[in-house]
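Let me begin by presenting the structure, written as structure tokens, before commenting on it.
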Amino acid sequence: MPVFDFNNTTSEKTEGKVTYEVFRSFSRTPSPKDPFLILDNSTRKWAHHSWGMFTNPIKGTTFEFKEEDGAFKADILKIDARFTSLVKWLGENHIHVRLSGEYTAEGFSVCRIREMAFGEATKLSAEDGFLQFMIERLLESDPPEEEIEDDDREETGDEMKLTSIQSITDFLMCAGRTLPENIRIWSRRNLAVARSNEVTPEERRHAQRALSIMLNIQWKSNYFDSIDPVQARKILDEELYGMEQVKQRIIETIIQINRTHTLPAYGLLLAGPAGTGKSQVAYAVARILKLPWTTLDMSSINDPEQLTGSSRIYSNAKPGIIMEAFSMAGESNLVFIINELDKASSGKGNGNPADVLLTLLDNLGFTDNYMECMIPTVGVYPIATANDKNRISAPLMSRFAVIDIPDYTKEEKKTIFGKFAMPKILKRMGLKEEECVVTDEALEVIVNKYADTTGIRDLEQAAEHIAANALYRIEVDHVERVVFDGTMAEEVLG
């Protein structure tokens, strides 16, 4: 995907004069080579850090530099489509800013804007850090499909949250069409309610809260960058022992993403006995995709309202678990790990929670009762786990590619205990490997003791018990090392 697409530009016209070109950029890190604004410097050279203000860019499309010998205007030559609304708003509100950039063949290339307050100069918003927050949001956005016609210290907007009506209003003005259209329309409607004196204070409070939740989420497109299959395999090998068929299926999914740059049409369903590492596989996939993840435990959800939220007609109304997951992640692209999907069909409230999942899994959009808006879900990748896939309804099963995860063999359990579980526990307890030694005889006893249980959770607990016993003897009995044979292992584990 190109950073600049100068073949897809439009011209802004005022009174018959072409004043600037709008280009579509996908750059996330602006620099003099990838600027978001280019100003004319043919009549005067501007300093690397120059301050001034945009002068009504709807008509003049210029920036007025404040120099020691006076004020000088420079035409805007080119502007990133994501920043047209922000620049227009800065000009309309006469906000003093400092531009940082460098000379290029095309003009003065601006790669940073910072607010400057002089005397009674207007602040951007009641919230500190709004401008940096706004710029970071715009840089993380994809350019709109249609252009809108109408000090060196690094600053960051990471701590900025949109909560006040003023900051929400400013954000909507500056974000423009970088927001999904339905969210833009929804936001304007809710902002009108939040500012209205014709509705109850409760309605205003709910509208403002919903706006804050919605706009603090970075709404991203469904485009995914390529993933290195070698690095993905390395992560899988770090997290999982064996499971070659499982790893192969995941790598195949990665190759598919690299070809289409979108998520697969189906999520993953990991089916197998308890304790076989299904959740571990899901976390590994989220790590490979470099996405935040959230979990839905279907065994604890017995009412669809827990997922869809409650209506604003109630004073204690709130969003559902799914919307809260978006809010916690801070972005719309994330991995939903749905634990115990085979327990999702036992609704005890006003419906079946499993039916709610269908809309989420279809990636067509999800409606939360509190938000009263269709939430885009094109960037959601669902990964479900189940002990018994036969208990999952056919409609739910049809939304997943199923990966069966078998139980571990006896030899695999020995390897997992000796090379993974035990070393991890020793490291956590601060013990050296030579201080706690498990002989082959002891290992045989341990694995045989849990031969009738599925998974490796019992083995991990056994490793914890043995390591704790060794630590006790070293600290209390003052021995240098503890070597566990079969008899000692039997005694410790009972």
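The values are calculated or read from the model by the stated rules, or taken from the named source; none is laboratory data. None of the values given here were measured: they were computed from a predicted structure. Here the Cβ is made from the backbone with ideal geometry for all residues, glycine too, and neighbour counts use every protein chain on show.
Numerical summary
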item	result
Residue in region 198-219 that is in the same structural domain as residue 391 (by TED's automatic domain parsing), in contact with a Lys or Arg (Cβ under 8 Å, 6 or more places away or on another chain) and at pLDDT 90 or above present	no
Residue within region 267-288 that is crowded, with 16+ Cβ neighbours inside 10 Å, touching a Pro at 6+ places or on another chain (Cβ under 6 Å) and either assigned to a loop (DSSP other than H, G, I, E, B) or among the hydrophobic types (A, V, I, L, M, F, W, C) (or both) present	no
First in region 247-260 and among the hydroxyl-bearing types (Ser, Thr, Tyr), second anywhere and surrounded by fewer than 17 Cβ atoms within 10 Å (Cβ to Cβ), Cβ under 9 Å, 6 or more apart	253/264; 253/401
Any hit, region 473-488, residues being in the same structural domain as residue 342 (by TED's automatic domain parsing) and among the polar types (S, T, N, Q)	no
Residues of region 291-326 that turn out to be in a strand (DSSP E or B) and of a type outside the set (S, T, N, Q), as a count	3
Residue check, residue 77 at pLDDT 65 or above and assigned to a helix (DSSP H, G or I)	no
Yes/no for residue 43 being modelled with pLDDT under 90 and over 25 Å from residue 136 (Cβ atoms)	yes
Any hit, region 253-262, residues being among the hydroxyl-bearing types (Ser, Thr, Tyr), under 30 Å from residue 28 (Cα atoms) and touching a Phe, Trp or Tyr at 6+ places or on another chain (Cβ under 8 Å)	yes
Candidate set: region 151-177, residues that are at pLDDT below 85 and either touching a Gly at 6+ places or on another chain (Cβ under 6 Å) or within 14 Å of residue 211 (Cβ to Cβ) (or both); chosen: the one surrounded by the most Cβ atoms within 10 Å (Cβ to Cβ)	162
Any helices (runs of 4 or more DSSP H) falling wholly within region 348-439 and containing at least 3 residues that are within 25 Å of the chain's Cα centre (by Cα) and of a type in the set (A, V, I, L, M, F, W, C)	353-361
Flag if residue 460 is of a type in the set (D, E, K, R) and farther than 19 Å from residue 241 by Cα	no
Test: residue in region 198-211 that is surrounded by fewer than 18 Cβ atoms within 10 Å (Cβ to Cβ) and either polar (S, T, N, Q) or closer than 23 Å to residue 456 by Cβ (or both)	yes
